[in-house]
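Below is one structure, written out as structure tokens; comments come after it.
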Amino acid sequence: MSGMKNDIKLIDESGRRIDGRLYNEMRPIKIEAGVLERADGSAYIEWGNNKIIAAVFGPRETYPKHIQDPSRAVLRARYNMAAFSVDERKKPGPDRRSVELSLVISNALSSVVFLEQYPRTSIDVFIEVLQADAGTRIAGLTAASVALADAGIPMKDLIAGCAVGKIENRIVLDLNKEEDNYGQADMPVAIIPRTQEIVLFQMDGDMDDSEIKEGLKLAIDAAMKIYELEKQALRNKYVKLAGGDFDE
Amino acid sequence: MENNIREIVLPGEIIDLQGNKPGTGIYIENGIAFSEILGVKTIRAGYVNIIPLSGRYHPQKGDKVIGKVVDIMPSNWVLDINAPYLAPLHANETPWKIEFGDTGKYLNIGDTVLAKIMSVNEVKQVWLTMKEQGLRKLEGGHVISVSPTKVPRIIGKEGSMIKMLKDMTNTKIYIGQNGVIWIDGETDNILKVVGAIRMIEREAHTIGLTDRIKEYLNKS
């Protein structure tokens, strides 16, 4: 919905955005690992007004059988928005948007998980958006990567990301709902923090070459901060175990 | 072992091998060792291993596991052993003499079996066997499951914890390496054992747990 005509001023004279942030500031983020009892791994994230829960099941037998791969595991992520997650009731069930996001998130996660260690199985990731306020695909991906680590699934690294956008002809970090709706462009980016390889990169709206480069730099810097929060969340769950006795 | 500081490592974290060889839970990229799982770093016998803090059971040859029959074939059963894969048990690998097609007379769907992992091949296919003393169908009783990573703690050093649980509650207990626990005895005692196991699970990292479990069993 980028580029809608409006008369809202998204950045004031002092360079502050409508929620008081500067161009390079993120919304507050809270991540918690291991919030669900039944799932093999889970995570809950609050990213500004976004509230998202992610659950991981597996590796387990693949159903339907015909999608199983004899050489590696199949990672399936399902992104779903709750009917009550947005202002007007969202019609439940998969739609064009959530099918696309499920695919890009699955692909991003598949690039870090050692799928070849579990041939013929599936790893199922469920991402439920309880409250949406722009940037849910990256927030969901962040929660999913924490949930995968919590499930004890072998992976190269966690995934971290952040969206950047263009409002009032300026590149800003981490758009909120108003900025997303009335801004000019939105560009979610996710990386493997250790190697800084990009695993998810999309853009909606118009940005030129130099703006993309500027945005990418902002997003990667932010992703590195989010990476620290993810690691902290995982440590918080298990920190008590550190002094524990693991002798047989 | 005791003087090693146990550090929690996360996927993608660099592991200092300190001259040891990389063991389980580690991958090498450009000559540098990284952890691939969330776990605790331990050094044993010249190998650095990352012991997972969570996750499914990884079948290993020789492990005793408790499985549930989920399917019957003419000459084998299929068991759920809480691993990523279902495990078949062939009729020839049982103490009974079974005619072709008679498998259902011996073990039915839903039955619980104490079995041993006979083999795991490179594509992670698992085969079970019951041909060893002590391996049998578990009748009656109560089955609970815990995280496989907590099993060593429930058994205790040289079986001290499990022995105490058995003696103090007068129950029969079998623990599978896959985290499935079978308990039989008086209902009240079973509940007591379940309570104690949940407590061990929760407080696995604390010191002096055996004494507190003893206290718990005495009190209830």
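Computed quantities for the displayed model
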read-out	value
All positions within the range B:122-136 that are within 14 Å of another protein chain (Cβ to nearest Cβ) and among the β-branched types (V, I, T)	B:V123, B:V126
Options A:S71, A:S102, A:S98, A:S85; residue that is within 14 Å of another protein chain (Cβ to nearest Cβ) and either closer than 29 Å to A:K30 by Cβ or modelled with pLDDT under 95 (or both)	A:S71
Residue ID - surrounded by the most Cβ atoms within 10 Å (Cβ to Cβ), chosen from residues in the range A:161-182 that are of a type in the set (S, T, N, Q) and under 17 Å from A:G48 (Cβ atoms)	A:N176
Selected residue (only one of B:S160, B:S119 is loosely packed, with under 15 Cβ neighbours inside 10 Å, closer than 26 Å to B:N92 by Cα and of a type in the set (S, T, Y))	B:S119
Those strands (runs of 3 or more DSSP E) lying entirely in the range B:68-183 with at least 3 residues within 14 Å of the chain's Cα centre (by Cα) and aliphatic (A, V, I, L, M)	B:112-120
Test: residue in the range A:59-74 that is in a strand (DSSP E or B), in contact with a Pro (Cβ under 9 Å, 6 or more places away or on another chain), surrounded by 12 or more Cβ atoms within 10 Å (Cβ to Cβ) and basic (K, R)	yes
Meets criteria (touching a Gly at 6+ places or on another chain (Cβ under 6 Å) and modelled with pLDDT of 90 or more) for B:N30	no
Tally, over the range A:183-225, of residues that are touching a Lys or Arg at 6+ places or on another chain (Cβ under 9 Å), within 14 Å of another protein chain (Cβ to nearest Cβ) and either buried (at least 17 other Cβ atoms within 10 Å of the Cβ) or not hydroxyl-bearing (S, T, Y) (or both)	2
Residue within the range A:108-120 that is away from chain B (no Cβ under 14 Å) and either out of contact with any helix residue (DSSP H, G or I) (no Cβ under 8 Å at 6 or more places or on another chain) or in contact (Cβ under 8 Å) with a residue 40 or more places away in the chain (or both) present	yes
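One line per residue, one yes/no per condition, for (1) touching a residue at least 24 places away in the same chain (Cβ under 8 Å); (2) of a type outside the set (F, W, Y); (3) away from chain A (no Cβ under 14 Å):
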{"residue": "B:G23", "(1), (2), (3)": "yes, yes, no"}
{"residue": "B:E29", "(1), (2), (3)": "no, yes, no"}
{"residue": "B:L38", "(1), (2), (3)": "yes, yes, no"}
{"residue": "B:Y47", "(1), (2), (3)": "yes, no, yes"}
{"residue": "B:G55", "(1), (2), (3)": "yes, yes, no"}
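The values are calculated or read from the model by the stated rules, or taken from the named source; none is laboratory data. In this text, all values refer to a predicted model and were calculated from it rather than measured experimentally. Reconstructed Cβ throughout: ideal geometry from the backbone, glycine too, with neighbour counts over all protein chains shown.
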